[in-house]
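Below is one structure, written out as structure tokens, with a few remarks after it.
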Amino acid sequence: MFKNKGIAFKLVLFFTLSSAAIFAAIFSYNYLVSRRMIQKGIEDNSANLITTTTSRIEVLLTSTQKVPQNTAYLLENTNYDEAELFKVIYAIVEKNPEIYGAAVAFEPYALDRFYDYFHWDWYQIPRELEQPQWTEPYFGEGGGVLMSSYAVPFYRVVDGTRRLTGVVVVDISLEELRKIVSSIRILRSGYGFLISKNGTFVTHPIKEHIMNETIFSIAEERKDPMLRETGRRMIRGETGYSTGSVKSAVTGKTCIMTYVPIKSNGWSLGVLFPHDELMADITNLNHVVLALGVTGLVLLALAVVFIARSITKPLTEMADIAGRIGTGDLEAQVPMVRTKDEVGKLASALDCMKTSLKDYIREITDTTAARQRMESELKIARNIQMGILPKEFPPFPDRKDFDIHALTIPAREVGGDFYDFFLIDRDHLCIVIGDASGKGIPAAIFMAFTKTLIKAKASVSIQTGMLMEEVNDELSKGNPADMFITVFCAILNTATGELRYTNGGHNPPVIIRRTGDLNYLDGPGELVVGIMEGTQYTTRTLVLNPGDGLFLYTDGVTEAMNAAGEIFSTDRLKDVLATCADGDVSGITACVGGAINDFCKDASQYDDITMMAVRYEGTGSENG
């Protein structure tokens, strides 16, 4: 998507995204750490706050509890009459301002008179449990004061048995508790509340909830299972810290809630911390950090844009210059860059490249012209070489006593292979085939010189061995390149079929008998021609019968190689000749040439290929 964009765009994008990723990581880490620190602070502060509040409540309740407990102890251990008892009760109320009222309730007939209080909670529950109990909160007579009672049972030993005698009860106003709980202020909207053992709200910022709602009725109304579970834990007397989505009944916002039991009466105190207000400072700080980060990213992007443009401007200019140079405009001026950095080095390299290209193109032009001249000269040389080789077949259309066909395929423009045939007189045909060492023009020149010498020195009276010796001596003189040539030379008496021949290091020809027999021409191999002056060569004789023939070739035939590195070989040549020996001479050379092409296929030709087929028909034919 961005691969076709410029370097400046990629630099800006890369640095901006990288910086944004780093900033986001730092911002997230800072936010999470700060959040954990605040939550830890909330837990510690809430623990301190709720401990202080519960301590105040416990002090109030404990001091209240001691009054009826002492009275009960007094009643158990002293004798009293009704007048004295009334004095004690009046003194309790008078000297303890937190006590709203007090009473001593006796078991039936413990005193002569009694009221019907035996089924009231403040009497029945401590009587049955045989221990002091706080009652559920209630409104006093007239409904104006929220109260709670603390009842302590007392006993007497009668006839050796400890029996319940009555209950001492004091009533306290919960106004002081309400003030203590209402004094809890958490930021703007945090508050505390108190519930009884049954979950009834004893204190709450919403006055309508007091004694009219329970924590469970609120949970049911809101369909809030978390609040319901929290209520269960509170009435079981558990201590807890809830970070879940507890909603404030006052604001409806999410709060963190802490709760702890009031051990004196089994009630529970809850405190709500408004989440958004607690996080306000860190949120504001994060907003500031985010704004600073975004501003920093923008400034960084602008700085990167400036830097990228300062770098890419000369690069863009040099890219344009490079494009013009690539299209051949070598006069384009490279912009001047004075710095020694990579851009300066690139400008210097581009200018150096332009100069080098000019020199290279000039050299290429000169080399191409020289090569074209050489190719032209090679083409002319090839034409000359091909021109000195007989190429019209049949070469002697008026002669019926023999037939001959030959071809050569140079590995380069010109080669070192050659063949020749000519009549010395009417009854003597000279046949020559050779292969000069090396390739190219030197081999072609050496071959042409050899061919010319053989044709000039050949005569009816000379033996082929002597002819080869004279040619060898001429070639060996002034041969600083130490070149040599393999030559097979033969003179055929067309009247008798006698073949005199000499093999100067050349491949042995194949004798093709009219009976179909194929054999390589025997005879010891002699030294190649042109390598050593004074070398002796032997003349050998062979008689051809009418219908017999010779197949002469150079090593480019038997050593032709295919892509697998295999050579054509003398055995394969003999097998191919066996399939076409009874054909005419042009068919024989074509058959062998086709077999070589099929064998080598697309493999490169490494050596010249030359072949010649001769068939002797005999004097019985009309010679014209």
statement: Yeah, the chain with a ≥ b ≥ c from its alpha-carbon gyration tensor (a/c under 1.5 is rounded, else prolate when a/b outruns b/c, oblate otherwise) is prolate
- prompt: So what are the ³J(HN,Hα) numbers for the range 257-270, from phi and the Karplus equation (6.51, -1.76, 1.60; θ = phi - 60°), rounded to whole Hz, Gly and Pro as x?
  reply: 10, 10, 9, 8, x, 8, 5, 5, 10, x, 7, 9, 9, x
message: Projecting each Cα onto the charge dipole of the range 497-581 (Lys/Arg +1, Asp/Glu -1 at the beta carbon, about the Cα centre), which of T558, L499, L521 comes out farthest on the positive side?
response: L499
task: Apply the Debye scattering formula to the range 510-580, with a single equal point scatterer on each alpha-carbon and no solvent, then give log10 I(q)/I(0) at q = 0.14, 0.25 Å⁻¹.
output: -0.63, -1.16
query: GluC sites (Glu not before Pro) within the range 524-624: which are DSSP loop residues with at most 10 other Cβ atoms inside 10 Å?
result: E622
- request: Pull up all non-local amide H partners of M147: gap of 5 or more, or a different chain, and H-to-H distance under 5 Å with H placed in the peptide plane.
  value: Y138, F139, G140, L174
task: Within the range 152-219, report the trypsin sites (Lys or Arg not before Pro) that DSSP leaves as loop and that have at most 13 other Cβ atoms within 10 Å.
output: R185, R188
- prompt: According to the square roots a ≥ b ≥ c of the eigenvalues of the Cα gyration tensor, what is the shape class of the range 178-280, taking rounded for a/c under 1.5, prolate for a/b larger than b/c otherwise, and oblate for the remainder?
  reply: rounded
- line: Any lysines whose Cα falls less than 22 Å from that of K439, other than same-chain ones fewer than 8 residues away, would be K379, K391, K451, K477
Likely footprinting exposure, D159, D359, D435, fewest C-beta neighbours within 10 Å first: D159, D359, D435
statement: Quick calc, the range 41-200, dipole around Cα centre from Cβ unit charges on Lys, Arg (+) and Asp, Glu (-), nearest 20 debye, gives 480
- prompt: Can you pull out the trypsin sites (Lys or Arg not before Pro) in the range 413-475 that DSSP calls coil and that have at most 13 other Cβ atoms within 10 Å?
  reply: R426
query: If the label point is 7 Å along Cα→Cβ of T496, which residues in the range 511-552 have backbone nitrogen under 17 Å from it?
result: 539-546
query: With charges only on Cβ, +1 for K and R and -1 for D and E, what is the dipole size of the range 381-493 about its Cα centre, in debye, rounded to 20?
result: 300
field: Dipole-positive endmost among L389, A456, M147 within the chain (Cβ charges, Cα centre)
entry: M147
task: Quickly work out the R233-to-F139 label distance, labels modelled 7 Å from Cα along the C-beta direction, and quote it in nm with one decimal.
output: 3.4
message: Under a Cβ-only charge scheme (Lys and Arg +1, Asp and Glu -1), can you give me the dipole magnitude of the chain about the Cα centre, in debye to the nearest 20?
response: 2900
- line: Taking N as the residue count of the range 7-176, its alpha carbon Rg divided by 2.2 N^0.38 Å gives 1.97
Span from the the range 201-233 Cα centroid across to the the range 449-467 one, whole angstrom: 136
query: On full extension of the chain, what length is gained from A564 through V157, given 0.36 nm per residue of separation minus the C-alpha to C-alpha distance?
result: 133.7 nm
- request: Once you have a ≥ b ≥ c as the square roots of the Cα gyration tensor eigenvalues for the range 389-616, tell me rounded if a/c is under 1.5, and otherwise prolate or oblate according to whether a/b is larger than b/c.
  value: oblate
- line: Residue-ordered couplings for the range 435-441, obtained by feeding phi - 60° into the Karplus form 6.51 cos²θ - 1.76 cosθ + 1.60 and rounding to whole Hz (Gly and Pro as x), are 8, 7, 5, x, 9, x, 5
- request: Name the residues whose placed amide hydrogens come within less than 5 Å of the amide hydrogen of D548, ignoring near sequence neighbours (fewer than 5 apart) on the same chain.
  value: R514, Y616
- prompt: Taking other Cβ within 10 Å of each residue's Cβ, how do K601, K358 sort, fewest first?
  reply: K601, K358
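FYI, it's all coordinate maths here, none of it is from the lab. Note that the structure is a prediction, hence the values are computed from the model and not measured. Every residue, glycine among them, receives a Cβ derived from its backbone with ideal geometry; neighbour counts consider all protein chains shown.
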